[in-house]
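Report on the following structure.
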Amino acid sequence: MGVGRMKRAVFLDRDGVINPLRGLDALGHPESPLKVEDFQIFPFVGEAIRSFNQMGFLVFVVTNQPAVAKGKTTIDVLAAMNAIFHLHVVEAGGSIKKIYTCLHHPDEKQVVCKTLLGDCNCRKPKPGMLLQAIEEYEVDPWESWMIGDKCKDILAGEQVGCRTILVSSDRQQECEPDFTVLDLSEAVKIIKEEERND
């Protein structure tokens, strides 16, 4: 397929971008929601995704979810959260093309489910999930965006050639995204402005 017919995409991290984090784990790291009732979607997310769709972008979620490997939650719980998220987006008039999830974790001391122990290629900052979407849906990464709340999201996007947006209130980061915003609604404004400039 020729480059002219390739698709453009917005890749979204999940926790911290689509939904709030839920405090800190035992090691002091931000914790993902582990129960369905703890999964709360930011109110502007559905409208933001609809805006990306209207600009001609496919929207993918690419998310590390090692809590499954650690035995803190289950695949069924993640599936239920995904269903809630899909419904939220559809009700706002938007569309998610696919959710890619990395369940692995490399630390043997933390992993309970040993089949998910490992240093995989899909765990961000490695770009495996983005590469899979690029191949499966014929996405042009150079015309696409990666939006996440951590430097590992930015690094994953940079490795495939995406432009990057960091969702963070902390301007002192160890990575250099193309833009930094407070939330996904601000990211929409940035991309709209860049579309006008192009």
- line: Taking placed amide H atoms and a strict 5 Å upper bound, the residues 5 or more places from Lys7 or on another chain that come that close are Val139, Asp140
message: Using Cβ contacts closer than 10 Å as the measure, can you line up Met81, Met55 from fewest to most?
response: Met55, Met81
statement: Any DSSP H helix in the chain with Cα axial reach of 15 Å or more and mean Kyte-Doolittle score of at least -1.0? Listed by number, the hits are 75-91, 184-197
Bridge type composition, the chain - antiparallel percent by DSSP, nearest 5: 5
Long-range HN-HN contacts of Gly16 with modeled amide H, under 5 Å: Leu21
- line: Expressed as a whole-number percentage, the relative contact order of the chain with C-alpha contacts under 8 angstrom and at least six residues apart is 23
query: Evaluated at 20 °C with a viscosity of 1.002 mPa s, what Stokes-Einstein diffusion coefficient in µm²/s does the stretch 130-198 have when Rh comes from the Kirkwood expression over alpha-carbon pairs?
result: 173
Euclidean distance of C-alpha centroids, the stretch 119-151 and the stretch 34-81, integer Å: 16
message: Order these by the 10 Å Cβ neighbour count, fewest first: Met129, Met6.
response: Met6, Met129
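We did not get these values from a lab; they are worked out from the coordinates using the rules stated. Not measured: the values here are computed from a predicted model. All Cβ positions, even for glycine, are placed from backbone atoms using ideal geometry, and neighbour counts span all protein chains on display.
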